[in-house]
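Please treat every number below as a calculation from the coordinates, not as lab data. This is a predicted model, so every value here is computed, not measured. Heads up, the Cβs are rebuilt from the backbone with ideal geometry, glycines too, and the neighbour counts pull from every protein chain shown.
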């Protein structure tokens, strides 16, 4: 049986979460917007409970949680939603990194086509951004700084706390794409200097199709976001559409369970990572990136192509050689390219990712298969 090791792409749903989702689909299936009967009231209670559970992950107020379909939509709202404010106040400069997810880079590119200026900060081969580069790029008209917390391809953890300190004296809005860290490595996300946090349910053992955007207030002032589409006025007018109560409740429960079990999950996953790093070293491979998450490793073995590796391993482990969201493009990874890796290193890179639900990894079988390629 093939062992699933592509958790950075998506994760299975926790059994407790699946049970709750099923119950809300077939028994308590009311619309949270229905005000005339108990089904609607029960649904609304489930949504508000989840709002609190999600807010607790980053020490936010539940009123600051906006439900979305996932981090991609959250990113779009955080970025495109600032357009009107930026134009009105003549603040049309954005700082981001060259290693962001396409769900951040493409909305920013859309604004660039409409007259915004964008500064892209590149990392070195460590995959970690130099915060001083952000400081040097800051301008009076900088409206937004957008930095991913944990990279989906390399697992490199960006110094969010240092970036928050850098921006204490600047009024630019700070957006963090936390799809890979929300509920897993959340401590730095609790900073009040982070204005927007994007999260996805399916990265945290909840169903696909639900996410959140945390929109922190500055004092008593709401962030000047505007909706990017319209129709219904749900979620304080920022994200219209009937709320998927069952998915939202599932996401909330997953967040609560992550809060309770985070330390144990990290310890288990760190043990798996140590074994992977030992195996990679014994095979003469090299790990890509530094300061990486305990849930992932990206590596290459000199002279071995990633496509050949995945074919060889397909009956042993399920892995990836890039982001699942862009895998159909067959383009070299923009993340690894921005890090300055060689063509051979990029062509050979493999991402393995796991979770606390990963019981056994067939390390001996992986080694046997890879040695056939060396």
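Work out how much length residue 1 to residue 137 would gain on full extension: take 0.36 nm times their residue separation and subtract the Cα-Cα distance, in nm to one decimal. Spell out each step's value before the answer.
Working: separation 136, 0.36 × 136 = 48.96 nm, distance 5.02 nm.
Here the segment from residue 1 to residue 137 would lengthen by 43.9 nm.
What's the extension gain from residue 307 to residue 126 if we count 0.36 nm per residue and subtract their Cα-Cα distance?
Numbers: separation 181, 0.36 × 181 = 65.16 nm, distance 2.39 nm.
Roughly 62.8 nm would be gained on extension.
Starting from the Cα of residue 31, step 7 Å toward the Cβ, then list every residue of region 242-283 with an amide N under 13 Å from that point.
242-245
Need one number: nm distance between label points at residue 228 and residue 342, each 7 Å from Cα along Cα→Cβ, rounded to one decimal.
My value for the distance between the label points is 3.9 nm.
Please list 104-110, 10-16 highest first by mean number of surrounding beta-carbon atoms within 10 Å per residue. Kindly include the intermediate steps, with their values, before the conclusion.
Details: 104-110: 18.0, 10-16: 16.1.
Ranked from most to least packed, the peptides come out as 104-110, 10-16.
Would you compute, from DSSP H runs of 4+ residues alone, the mean residue ellipticity of the chain at 222 nm, taking -39500 (n - 2.57) per run and dividing by the full residue count, rounded to the nearest 500? Each step should come with its number before you reach the end.
Working: 12 runs with 139 residues, N = 374.
The helix contribution divided over the chain gives -11500 deg cm²/dmol.
If a/c stays under 1.5 just call it rounded; otherwise compare a/b with b/c (prolate if a/b is bigger, oblate if not). Do that for region 158-252, with a ≥ b ≥ c from the square roots of the Cα gyration tensor eigenvalues.
On the way: a/c = 2.72, a/b = 1.28, b/c = 2.12.
Oblate is the answer for region 158-252, as a/c is 1.5 or above yet b/c matches or exceeds a/b.
Stokes-Einstein D for region 15-256 at 25 °C, 0.890 mPa s, Kirkwood Rh over Cα pairs, in µm²/s? Don't jump to the answer; show the numbers that get you there.
Working: Rh = 18.3 Å.
So the translational diffusion coefficient is about 134 µm²/s.
Given 4 °C and 1.567 mPa s, how large is the Stokes-Einstein diffusion coefficient of region 200-310 in µm²/s, with Rh as the Kirkwood radius over Cα pairs? Each step should come with its number before you reach the end.
Details: Rh = 18.1 Å.
Translational D for this selection: 72 µm²/s.
Using 0.36 nm times the number of residues separating residue 165 and residue 277, minus their current alpha carbon distance, what extension gain do you get?
Details: separation 112, 0.36 × 112 = 40.32 nm, distance 3.28 nm.
37.0 nm is the gain from fully extending residue 165 to residue 277.
Build a GNM of the chain with springs between Cα atoms under 10 Å: which of 229, 300, 29 gets the top mean-square fluctuation?
Fluctuation is largest for 229.
Looking at region 15-256 only, what percent of DSSP beta bridges run antiparallel? Nearest 5 please.
The antiparallel proportion sits near 40 percent.
Have a look at 208, 49, 314 and tell me which one the Gaussian network model of the chain (Cα, springs below 10 Å) gives the largest fluctuation.
Answer for the Gaussian network model of the chain: 314.
Sorting check: for 129-139, 187-197, 246-256, which peptide has the highest mean count of neighbouring beta carbons within 10 Å, and how do the rest follow?
Ranking, from highest mean packing down: 246-256, 187-197, 129-139.
Between residue 18 and residue 63, what is the FRET efficiency for a Förster distance of 35 Å, r being their Cβ-Cβ separation, to the nearest 0.05?
On the way: r = 29 Å, r/R0 = 0.82.
Rounded to the nearest 0.05, the efficiency is 0.75.
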